[in-house]
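Q: Below is one structure. I have some questions about it.
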């Protein structure tokens, strides 16, 4: 095809319908190959967990409940009360836990932001991803430079936008929301799984 | 033929990618999909606002000092989401608390526009009353976002904030770090230009504004680092066409085309306790000689004394001294700002007078901002103001409180 385009004595008019059809076919095949999804949906739960635990053999979950003492401590650490029922995912490889993940929502300006946090087995943030972003403004929090700020944080870190997390200029509300969500994931995993007194799994 | 080979190539690409996804990946056990969180009440309607109360004590070069207390602004935002991609946004303001005959206040619509996302976030149509996208303060002026009780005078006098126009335009975000705005709006009225206030008096505020002269304005914003915002904006318009009928000294109609244009550039960084801003702005006004010597039909004077150029800039640094205190979200920021602005930087068609030289103003502002929460600020500042000519300087002390939600 390239030779036909470069050669000067080729009738260019013939080329146009061929190129157009080729373009339409390529577009149709690409659209067919891409799963149809709503604007702002970046990961499904399965996709994110597979990505988080790509090195593990399997990913499971536990639904745990904070006891009264834990509920009080969490409320103190976060500054607000939370639903005591929490679902925590974990990866397993060769019988060992490779890490934990929390999938959660946090309210943005009007609508919730769905996100996932990957934590190492000792409770440090390894990765933060935005799963679904539903609002017209503030989507810049998906930027890797912003999310990378959370990497390495543990439950003792403040994890506060405008403090140890630099907010994105013009996206302060969504910056704040993601930081609140990551902090909550850290504190919950710390209270339920990593601190000294633990409770048994819910039946 | 070439098309069949293209189809074959696409098919084999598809087959390969399918094989990749089917590779052994961790088996994932999922709980049932949780129910979606309930939408907040009135999710389509937004109500917000900001306001600021000022106390000001002016110590002039000579004469008595004077103090005032002013509810400078009380603003309500009202917005509505017609759909996921069509919205309405508005801002109504009451200035100086009490408007009406004999009272200093005014009620004004500062913004009222609809937005329609044509191509996601990359291309959005905007139409209505919009803020001219120049500088920092004109678009982002909620009190907790700037230091000092009053807005920086450079932005007030040169840009001139708050500057809104009626029109239509396109805005969008390209990638994660690049935003643009481009508007076609009604123009300024050159008969309001003056050496005392630059183009500020030429704003028509979309109040039965003459639109025989239009203007283009646009801005680009680039964020190479999280927390760093670099902006460049421009304006060009015909202010003469909106000035009304003018005649020359021979009684012939004057076709005044007072081309007015300007540029503003800024950089701001906010992170790790540091808040710093730098801004430059300048406007040119063409045909000021014709504007100055214009007459009415009956030969009486209808001119106004406008500068050929205005210019201004400032640099500001603030730091949160409580940055290392993790337990609190209280922020205390001492700041310092150096400003220069001149609403009569260049005069054409007549000699410069001492009054013109007085228009060059240098200000050194030091102050303190206390933010118990990010949306509330208690402010204090001292302004040391000096004038370019022989006019003596003055000192101002301000206290203020401002909020937004």
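The values are calculated or read from the model by the stated rules, or taken from the named source; none is laboratory data. Fair warning: this is a prediction, and the values are worked out from it, not measured in the lab. Don't worry about glycine lacking a Cβ; one is built from the backbone with ideal geometry, like all the others, and counts go over all protein chains shown.
Q: Looking at segment A:129-136, is at least one residue in contact (Cβ under 8 Å) with a residue 24 or more places away in the chain, assigned to a helix (DSSP H, G or I) and either at the interface with chain B (Cβ under 10 Å from one of its Cβ atoms) or surrounded by fewer than 18 Cβ atoms within 10 Å (Cβ to Cβ) (or both)?
A: No, every residue in segment A:129-136 fails to be in contact (Cβ under 8 Å) with a residue 24 or more places away in the chain, assigned to a helix (DSSP H, G or I) and either at the interface with chain B (Cβ under 10 Å from one of its Cβ atoms) or surrounded by fewer than 18 Cβ atoms within 10 Å (Cβ to Cβ) (or both).
Q: Can you report the number of residues in segment B:145-180 which are within 20 Å of residue B:339 (Cα to Cα) and over 15 Å from the mean Cα position of the chain (by Cα)?
A: Of the residues in that region, 3 qualify.
Q: Tell me, please, whether a residue that is modelled with pLDDT of 95 or more, within 14 Å of another protein chain (Cβ to nearest Cβ) and under 18 Å from the mean Cα position of the chain (by Cα) can be found in segment B:254-267.
A: yes
Q: Can you tell me which residue among A:141, A:180 is within 13 Å of another protein chain (Cβ to nearest Cβ), within 19 Å of residue A:79 (Cβ to Cβ), touching a strand residue (DSSP E or B) at 6+ places or on another chain (Cβ under 9 Å) and outside any loop (DSSP other than H, G, I, E, B)?
A: It is A:180.
Q: Turning to a different aspect of this structure: Could you check residue B:229 against (1) within 14 Å of chain A (Cβ to nearest Cβ); (2) surrounded by fewer than 20 Cβ atoms within 10 Å (Cβ to Cβ) and say which number it fails?
A: All conditions pass for residue B:229, except number (2).
Q: If you don't mind, another one. Do you know which of the residues in segment A:156-166 that are surrounded by 18 or more Cβ atoms within 10 Å (Cβ to Cβ) and facing another protein chain (nearest Cβ under 7 Å) is modelled with the highest pLDDT?
A: Step by step, filter segment A:156-166, then rank; the result is A:166.
Q: Which ones in segment A:54-88 are buried (at least 17 other Cβ atoms within 10 Å of the Cβ) and assigned to a loop (DSSP other than H, G, I, E, B)?
A: Residues satisfying the conditions are A:56, A:66.
Q: Among the residues in segment B:119-138, are any out of contact with any strand residue (DSSP E or B) (no Cβ under 6 Å at 6 or more places or on another chain) and farther than 30 Å from residue B:274 by Cα?
A: yes
Q: Taking the residues in segment B:321-335 that are part of a strand (DSSP E or B) and surrounded by fewer than 20 Cβ atoms within 10 Å (Cβ to Cβ) as candidates, determine which candidate is farthest from the other protein chains (Cβ to nearest Cβ).
A: Only one residue fits best here, namely B:334.
Q: Just to be sure, is residue A:122 within 19 Å of residue A:56 (Cβ to Cβ) and at pLDDT below 95?
A: Details: within 19 Å of residue A:56 (Cβ to Cβ): yes; at pLDDT below 95: yes.
Judged against the criteria, residue A:122 is a match.
Q: Scan segment B:336-356 for residues that are surrounded by fewer than 19 Cβ atoms within 10 Å (Cβ to Cβ) and either modelled with pLDDT of 95 or more or part of a loop (DSSP other than H, G, I, E, B) (or both) and jot them down.
A: Scanning segment B:336-356 gives B:336, B:338, B:340, B:346, B:348, B:349, B:350, B:351, B:352, B:353.
Q: Just to be sure, is residue A:153 in a loop (DSSP other than H, G, I, E, B), within 30 Å of residue B:404 (Cβ to Cβ), more than 9 Å from chain B (Cβ to nearest Cβ) and without any contact (Cβ under 8 Å) to a residue 40 or more places away in the chain?
A: yes
Q: Right, something else. If the requirement is being modelled with pLDDT under 60 and within 12 Å of chain A (Cβ to nearest Cβ), which of these qualifies: B:30, B:23?
A: B:23
Q: For segment B:79-130, how many residues meet the condition of being within 14 Å of chain A (Cβ to nearest Cβ) and part of a strand (DSSP E or B)?
A: Adding up the residues that qualify gives 18.
Q: Here's something else I'd like to know. Can you name every residue in segment B:195-226 that is more than 14 Å from chain A (Cβ to nearest Cβ) and not in a loop (DSSP other than H, G, I, E, B)?
A: Residues satisfying the conditions are B:198, B:200, B:201, B:202, B:214, B:215, B:216, B:217, B:218.
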